[in-house]
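**Q** Just passing along the structure, written as structure tokens.
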Amino acid sequence: VMLAAAAVAVPGVLSAQGGDGFLFSAPNLSLKFEGGYGWQAATSDVYDWVQQEHTIGQRDFDAPYFGGELGIGVSEHFEVAIAIGYQSGKVQSEYRDWVDTDDRPILQTTELSQIPAVASLKFYPFARGRSVGQYAWVPRGFVPFIGAGAGFVSYAFEQTGDFVDYETLDIFYDRVTSEGEAFLARAQAGFNLSLGKQFTLTLEGRYNVSNTPMEGDWVGFENIDLDGLQAIGGIAIRF
């Protein structure tokens, strides 16, 4: 009898509160699909070298970002988020000071790709929703947050095309690559906007900090800098 009364009463309570909510308890999980753009710091000496030798600029390593995030609510004010994504910046270039024997440009392609996987703890200064009696939870419309996390990033820095042998002045085709994994730290801030009961729009900024020794064909360089700022938007569904 009590459950039947609750089933009748709760929809009326929710309507009186001005929005739809979840029966009996707050949702503990969310799955977000996100996209955005990343700006690389690109400050280590390998970036300086390719910009000096080739028609490449510092902003050429900026690129779109795509990913997903699983959110696990641990309280009204804290959430654990596990995110994975992909970002790749590719630029076609030529030597600044060299041409081939027919005065044609010597061409190559340079690419920096990254796959970050990060676990973060997000703090919501305001509760993400409110309980209505004992039987319902209503999400808050606007919820800001800050967060910090750590994880790993898999990266590849690659040049493919024609190159000059500075000793013989011969031109040869090659692919030179540095690939590896590195520790990554992240700081983030943003806000959620509820789109009805089930969906949330998220806008946030993230700053990633990471560097690692170069591997493979790139020898004699310092650690490659993988630091960067990301502006992210996404749509999440709550469970």
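**Q** What's the total number of residues in segment 59-98 that are closer than 30 Å to residue 167 by Cα, open to solvent by 40 Å² or more (accessible area, probe 1.4 Å) and among the hydrophobic types (A, V, I, L, M, F, W, C)? Full working, then the answer.
**A** If we filter segment 59-98 for residues that are closer than 30 Å to residue 167 by Cα, which is where we start, we get 60-61, 90-98.
Right, trim to open to solvent by 40 Å² or more (accessible area, probe 1.4 Å) and you get 60, 90, 92, 94, 96-98.
Pick out the ones that are also among the hydrophobic types (A, V, I, L, M, F, W, C) and you get 98.
The qualifying residues number 1.
**Q** Further question: Taking the condition over 16 Å from the mean Cα position of the chain (by Cα), assigned to a loop (DSSP other than H, G, I, E, B) and surrounded by 16 or more Cβ atoms within 10 Å (Cβ to Cβ), does residue 56 pass? Quick ask: steps written out before the conclusion?
**A** Values: over 16 Å from the mean Cα position of the chain (by Cα): yes; assigned to a loop (DSSP other than H, G, I, E, B): yes; surrounded by 16 or more Cβ atoms within 10 Å (Cβ to Cβ): yes.
When the stated conditions are applied, residue 56 passes them.
**Q** Restricting to segment 161-186, what's the tally of residues that are β-branched (Val, Ile, Thr) and more than 27 Å from residue 117 (Cα to Cα)?
**A** Kept after step one, since they are β-branched (Val, Ile, Thr), are these residues of segment 161-186: 164, 168, 171, 176-177.
Narrowing the set further to residues that are more than 27 Å from residue 117 (Cα to Cα) leaves 164, 168, 171.
Going through segment 161-186 one residue at a time, the tally reaches 3.
**Q** Hey, can you tell me all the residues within segment 203-239 that are open to solvent by 20 Å² or more (accessible area, probe 1.4 Å), out of contact with any helix residue (DSSP H, G or I) (no Cβ under 6 Å at 6 or more places or on another chain) and acidic (Asp, Glu)?
**A** So in segment 203-239, the residues open to solvent by 20 Å² or more (accessible area, probe 1.4 Å) come out as 203, 205, 207, 209, 211, 213-217, 219-223, 227, 229, 231, 233, 235, 237-239.
Subsequent filtering for residues that are out of contact with any helix residue (DSSP H, G or I) (no Cβ under 6 Å at 6 or more places or on another chain) retains 203, 205, 207, 209, 211, 213-217, 219-220, 223, 227, 229, 231, 233, 235, 237-239.
Once the filter is applied, which keeps residues that are open to solvent by 20 Å² or more (accessible area, probe 1.4 Å), out of contact with any helix residue (DSSP H, G or I) (no Cβ under 6 Å at 6 or more places or on another chain) and acidic (Asp, Glu), segment 203-239 yields 215, 217, 227.
**Q** Right, something else. Residues that are in contact (Cβ under 8 Å) with a residue 60 or more places away in the chain and aliphatic (A, V, I, L, M): list the strands (runs of 3 or more DSSP E) wholly contained in segment 79-160 that include at least 3 such residues. First the steps, then the outcome.
**A** Numbers: elements: 105-123, 129-132, 136-139.
Passing ranges, in order: 105-123.
**Q** To continue, here is another question. In contact with a Lys or Arg (Cβ under 9 Å, 6 or more places away or on another chain) and surrounded by fewer than 16 Cβ atoms within 10 Å (Cβ to Cβ): is that true of residue 121 in this structure?
**A** Values: in contact with a Lys or Arg (Cβ under 9 Å, 6 or more places away or on another chain): no; surrounded by fewer than 16 Cβ atoms within 10 Å (Cβ to Cβ): yes.
When the stated conditions are applied, residue 121 does not pass them.
**Q** Could you tell me whether any residue of segment 131-141 is more than 30 Å from residue 175 (Cα to Cα), open to solvent by 10 Å² or more (accessible area, probe 1.4 Å) and of a type in the set (Val, Ile, Thr)?
**A** Within segment 131-141, the first condition is being more than 30 Å from residue 175 (Cα to Cα), and the residues that meet it are 131-141.
Filter once more, so that each one left must be open to solvent by 10 Å² or more (accessible area, probe 1.4 Å): 131-135, 137, 139-141.
From the residues that got through so far, the ones that are of a type in the set (Val, Ile, Thr) too are 132.
Within segment 131-141, one or more residues are more than 30 Å from residue 175 (Cα to Cα), open to solvent by 10 Å² or more (accessible area, probe 1.4 Å) and of a type in the set (Val, Ile, Thr).
**Q** For a quick check of your reading of the model, give me the residue pairs whose first member lies in segment 176-204 and is among the acidic types (Asp, Glu), whose second is open to solvent by less than 50 Å² (accessible area, probe 1.4 Å) and modelled with pLDDT of 95 or more, with beta-carbon atoms closer than 6 Å and at least 6 apart or on different chains.
**A** Matching pairs, first to second residue: 179/156; 181/154; 204/188; 204/190; 204/232.
**Q** What are the pairs, 6+ residues apart or on separate chains, where a residue within segment 28-51 that is under 30 Å from residue 218 (Cα atoms) has its Cβ under 6 Å from a residue that is in a loop (DSSP other than H, G, I, E, B)?
**A** 39/62; 40/62; 41/227; 44/222; 45/221; 45/222; 46/221; 50/56
The values are calculated or read from the model by the stated rules, or taken from the named source; none is laboratory data. Just so it is clear, the structure is predicted and the values come from calculations on it, not from any experiment. Heads up, the Cβs are rebuilt from the backbone with ideal geometry, glycines too, and the neighbour counts pull from every protein chain shown. Accessible surface is based on the protein model in full, side chains and every heavy atom, while ligands, DNA and RNA are left aside. Shrake-Rupley method; radii C 1.70, N 1.55, O 1.52, S 1.80 Å.
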